[in-house]
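Beneath this line is the structure, given in structure tokens, with notes to follow.
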Number of protein chains: 4
Amino acid sequence: MAVAEVNFLSESLKKIVPFYAVIPMEQRKKDGNTERFRTLYLLHGYSGNYTDWLFNTRIQQLADWYRVAVIMPSGDNSFYTDNGPKEEHYSTFLTKELPAFTRALFPLSSKREDTLIGGFSMGGYGAFLNGFKHPEVFGSVIALSSAFIVNRVLSLSEGEYDKIESYSFYQSVFGDLSKLRGGECDAGAVAEKLILSGQPVPKLYFACGTEDELIGPNRAMRDRLKKLGADFIYEEGPGEHDWKFWDCHIEHALEALLGKAKR
Amino acid sequence: MAVAEVNFLSESLKKIVPFYAVIPMEQRKKDGNTERFRTLYLLHGYSGNYTDWLFNTRIQQLADWYRVAVIMPSGDNSFYTDNGPKEEHYSTFLTKELPAFTRALFPLSSKREDTLIGGFSMGGYGAFLNGFKHPEVFGSVIALSSAFIVNRVLSLSEGEYDKIESYSFYQSVFGDLSKLRGGECDAGAVAEKLILSGQPVPKLYFACGTEDELIGPNRAMRDRLKKLGADFIYEEGPGEHDWKFWDCHIEHALEALLGKAKR
Amino acid sequence: MAVAEVNFLSESLKKIVPFYAVIPMEQRKKDGNTERFRTLYLLHGYSGNYTDWLFNTRIQQLADWYRVAVIMPSGDNSFYTDNGPKEEHYSTFLTKELPAFTRALFPLSSKREDTLIGGFSMGGYGAFLNGFKHPEVFGSVIALSSAFIVNRVLSLSEGEYDKIESYSFYQSVFGDLSKLRGGECDAGAVAEKLILSGQPVPKLYFACGTEDELIGPNRAMRDRLKKLGADFIYEEGPGEHDWKFWDCHIEHALEALLGKAKR
Amino acid sequence: MAVAEVNFLSESLKKIVPFYAVIPMEQRKKDGNTERFRTLYLLHGYSGNYTDWLFNTRIQQLADWYRVAVIMPSGDNSFYTDNGPKEEHYSTFLTKELPAFTRALFPLSSKREDTLIGGFSMGGYGAFLNGFKHPEVFGSVIALSSAFIVNRVLSLSEGEYDKIESYSFYQSVFGDLSKLRGGECDAGAVAEKLILSGQPVPKLYFACGTEDELIGPNRAMRDRLKKLGADFIYEEGPGEHDWKFWDCHIEHALEALLGKAKR
């Protein structure tokens, strides 16, 4: 296992940014496998940063067991869109620059079937949105307790707040809110468009805890995808919006998408 | 010497943020001094982050020699103002939250005469602006190769770019640009107001390289302060907008403001 | 929460050494508590280092819930004794230098009743040994899946190996093996001596998984302490020599020693 | 530039160890060069660790200018020999495991002419010793202010100390001192043997400050190599045993060995 804390100058974000990388070097050596690693780009939630997954879950161990490299960047409360008002392009960062940079730095596969994107809460939204926006990059999407909040955001008037943020905040990350529904930042719409297009669609695992406030929007997304005839795995289980749920379900997701762990 | 890379959840920035701290524990022990440390909050420039000063200068050694703790946060291209569009408040962070947090975590003095703020380029601007905005917090300001760019920014029209950024970027960090001149984000105006008020003013060291494009605006600031009858140290020397100049002049600044180094 | 990766020059180890510190700043602020933190010095096992507990368990979260600072140093396969052949003094480091240094750097309590030492495997041995050796420093000991291997080591002849290491390795960390039994590096003997002395004894929580090879020596220690009439908590449970057991039982230990978690 | 702090489990050292890597990704991209990087393995001195070069010199910038990856491990006061008493094999680590590991993790060249080893003080000794011991791995050696202390060590009797360490310490890193002269840990003898063998010899740059106590042994080494007819660059200059000298002369060395910097 190599755990690396990396800083580099991002062009899309116009600043030096840190990320953590977990690369299961030793395990692979044992297997006698020298192919480039399949890779999970793994996103944190609102108010978190690149340290969250490593410091709060068993992701290091799971990377080992499932023979998957994991790259964990900071999202800076951007919802992983390109609309950032300082002209920071988090979507471009995630879907182009970071894959290219990490594949140049580490021995990572560039095949779509070897490339996963995942996250929880704001990061679940970001993984879902960017995964379906760039199916040529990502073969699989993992979306845990995802903040499918488009309806909630659209119910806000200027000056109002929901439990997390303000109308003006959401405007700054999603752009002109009058164009949010059905637009490039609307995760559900982006997925729907792809599915209806008949193009290859990423495999999808998503999950939400039954005690999580976000259970409603997650069930709505499940129903929407079902109606579209999409293929996906959806799990519900007892649980809240917390690390216990994400630690447990990131393992379920890896098992579902990558097959049984080798310990 | 303790070098600490710290992550914590900032309320003003609404996210977990990293900073580096350099605390000259051993040297002080040798001196038999057990008072709380004088402290320099030290800011990086545009496109940098919290690692810049530590990785590119001798700041660790200077902290040792000058017996000063150094705290180096990330500025995320904010120019260290409160106007951030995602309602990130970098000025509040720097002048209230970060001092309070670091003084609760480490043995740092909370006296204004023990508290310095410094930086280069965008960070020089941020140090100058926030130091003069909060003279009750900061007793000294160090501004190297400072991006005194208010005039340059105000010469832009919507849609235009200067060498670094766009009109709309500057709007996002400085707020409504029609109110920039003379307002809360105009470093020169903030200093002028304080000086004219007759209230205690931070000691000021500022410097610029003669080969630096920013030499003009720095000389203009020197002249403006001279006219106001302000007390300050201004240095020019051969040099460009680079680490060599900052490594050299941060030492000059510490010598000028804190007295001779003890090695 | 502050998570800090710290490097400093240790006198006992004669080199710059890293450690992780987790300090539950925010939670305490919520509680309105400004006393110095109770602190757990937490040790990794053979072949690990200072990153192990943070990267593999929920220790960050537990520190938060139990309002306890956690300091995690590197042990460099020393078994946390002073016998290191390069005249590295890990026991002195752990019981004197590190507490003094971290209390000077962070707001940590220096009361014995606020100070815990814990670890797993080699670190469980180190915590048990050093806790009972310095009851004036440590009020509580947590020893998980402890490598109580004195008998195993003493059954080796020169040139032989057990599953982990060689006779000569053990000699280098425990010193002259003919003096190990009953000496300063014999954890059981050190505890026995303290208990029989009538002096204050640290509270003790220890535990081992029933599938762990070390279950035998742990039960033997339990029986030995029972015979001495000592007061302690011993837990067994299904489990192996792995992170799952330590993640679970470090929480049991904190609950047993510090009372119910506040979330 | 990518700056990476990496932890991995070393077989030769039997523990998880940290190192810093500096990889000039962006610069190379600008040059349009996609070959694997030439690489400098760069060693710290007695009482230092893997953070020393990065935190105290401009090595990040020099890596950029000279288009060379730099790998900085911890040496744990081992003098980078295999004799460590806990059966830690620092020489094997440096000359086999670390090159193999870093070349598997990062895009580094495995050609000897692209591979340098360097260091200062104890690290200068380690670079010189291991570079000449493994000319099949290293095409160049940089040895700054090197601790060529074999004579000094051999003048000690059991129980005695020189300014740094004890007879018994030196025994623990160099092995049986009666066999040190001319043996596998005697840097000068190892170099002499290689030179006399007629096999390819690494290019050598070495330097010492005229105010450094180690100037004598460095001049002696210069004279010894001259007598052997060896090819090398030796520099003396005003300077002490400090970071100023190493920061300056690591640049001289890179210029001498790699050619002019591209900024």
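Evaluate the following for B:Glu236: is it surrounded by fewer than 17 Cβ atoms within 10 Å (Cβ to Cβ) and either more than 19 Å from the chain's Cα centre (by Cα) or of a type outside the set (S, T, N, Q) (or both)?
Here the answer is yes, as B:Glu236 does meet what is asked.
Restricting the stretch B:1-27 to residues that are at the interface with another protein chain (Cβ under 7 Å from one of its Cβ atoms) and modelled with pLDDT under 95, the residue that is farthest from the chain's Cα centre (by Cα) is B:Glu26. Across the stretch C:126-149, not a single residue is classified as more than 14 Å from chain D (Cβ to nearest Cβ), of a type in the set (Gly, Ala, Ser), over 13 Å from the mean Cα position of the chain (by Cα) and not in a loop (DSSP other than H, G, I, E, B).
The lone criterion from (1) in contact with a His (Cβ under 7 Å, 6 or more places away or on another chain); (2) surrounded by fewer than 16 Cβ atoms within 10 Å (Cβ to Cβ) left unmet by B:Glu136 is number (1). Of the residues making up the stretch A:205-217, those that are touching a Phe, Trp or Tyr at 6+ places or on another chain (Cβ under 8 Å) and surrounded by 23 or more Cβ atoms within 10 Å (Cβ to Cβ) are A:Tyr205, A:Phe206, A:Ala207, A:Gly209.
Is one or more of the residues making up the stretch B:28-41 among the β-branched types (Val, Ile, Thr), within 26 Å of D:Ile59 (Cβ to Cβ) and either at the interface with another protein chain (Cβ under 7 Å from one of its Cβ atoms) or outside any helix (DSSP H, G or I) (or both)? No - not one qualifying residue is present in the stretch B:28-41. Looking only at the stretch C:84-124, residues that are more than 19 Å from C:Phe148 (Cβ to Cβ) and either of a type in the set (Phe, Trp, Tyr) or in a loop (DSSP other than H, G, I, E, B) (or both) come to 13 in all. Can you tell me which residue within the stretch A:90-106, out of those that are in contact with a helix residue (DSSP H, G or I) (Cβ under 9 Å, 6 or more places away or on another chain) and small (Gly, Ala, Ser), is nearest to the other protein chains (Cβ to nearest Cβ)? Across the stretch A:90-106, the extreme among qualifying residues is A:Ala104.
Limited to the stretch D:1-52, what total is found for residues that are among the acidic types (Asp, Glu) and within 22 Å of D:Tyr205 (Cα to Cα)? Residues flagged as among the acidic types (Asp, Glu) and within 22 Å of D:Tyr205 (Cα to Cα) within the stretch D:1-52 amount to 1.
Answer with yes or no whether B:Ile117 is surrounded by 23 or more Cβ atoms within 10 Å (Cβ to Cβ) and touching a Leu at 6+ places or on another chain (Cβ under 7 Å). In short, no. Filtering the stretch A:165-181 to residues that are within 14 Å of chain B (Cβ to nearest Cβ), surrounded by 17 or more Cβ atoms within 10 Å (Cβ to Cβ) and part of a loop (DSSP other than H, G, I, E, B) leaves A:Glu165, A:Gly175.
The residues in the stretch B:43-71 that are among the aliphatic types (A, V, I, L, M) and within 25 Å of B:Val150 (Cα to Cα) can be counted, and the count is 1.
Within the stretch B:50-69, the set of residues being in a helix (DSSP H, G or I) and either under 20 Å from D:Ala2 (Cβ atoms) or without any contact (Cβ under 8 Å) to a residue 60 or more places away in the chain (or both) comprises B:Asp52, B:Trp53, B:Leu54, B:Phe55, B:Asn56, B:Gln60, B:Gln61.
Output yes when any residue across the stretch C:21-41 is small (Gly, Ala, Ser) and in contact (Cβ under 8 Å) with a residue 12 or more places away in the chain, and no when none is.
Checked against the condition, which is being small (Gly, Ala, Ser) and in contact (Cβ under 8 Å) with a residue 12 or more places away in the chain, the stretch C:21-41 yields at least one hit.
Step by step: first the residues of the stretch A:20-36, then only those that are crowded, with 22+ Cβ neighbours inside 10 Å and not small (Gly, Ala, Ser), then the one that is farthest from D:Glu26 (Cα to Cα). Which residue is that?
The selected residue is A:Pro24.
The combined condition, being hydrophobic (A, V, I, L, M, F, W, C) and crowded, with 18+ Cβ neighbours inside 10 Å, is fulfilled by A:Ile250.
Count of the stretch A:45-83 residues, restricted to those that are within 7 Å of another protein chain (Cβ to nearest Cβ) and not charged (D, E, K, R), is 10.
Residues that are of a type in the set (A, V, I, L, M) and surrounded by 15 or more Cβ atoms within 10 Å (Cβ to Cβ) within the stretch B:182-196 comprise B:Ala187, B:Ala189, B:Val190, B:Ala191, B:Leu194, B:Ile195, listed in sequence order. Taken over the stretch C:199-249, the criterion of being assigned to a loop (DSSP other than H, G, I, E, B), within 14 Å of chain A (Cβ to nearest Cβ) and touching a residue at least 40 places away in the same chain (Cβ under 8 Å) is satisfied by C:His241 alone.
A:Leu156 passes every criterion in (1) part of a loop (DSSP other than H, G, I, E, B); (2) among the hydrophobic types (A, V, I, L, M, F, W, C); (3) under 22 Å from A:Leu43 (Cβ atoms) apart from (3).
The values are calculated or read from the model by the stated rules, or taken from the named source; none is laboratory data. Computed from a prediction, not measured in an experiment: that's the story for all the values here. As a convention, Cβ positions derive from the backbone with ideal geometry for all residues, glycine included, and neighbour counts pool all protein chains shown.
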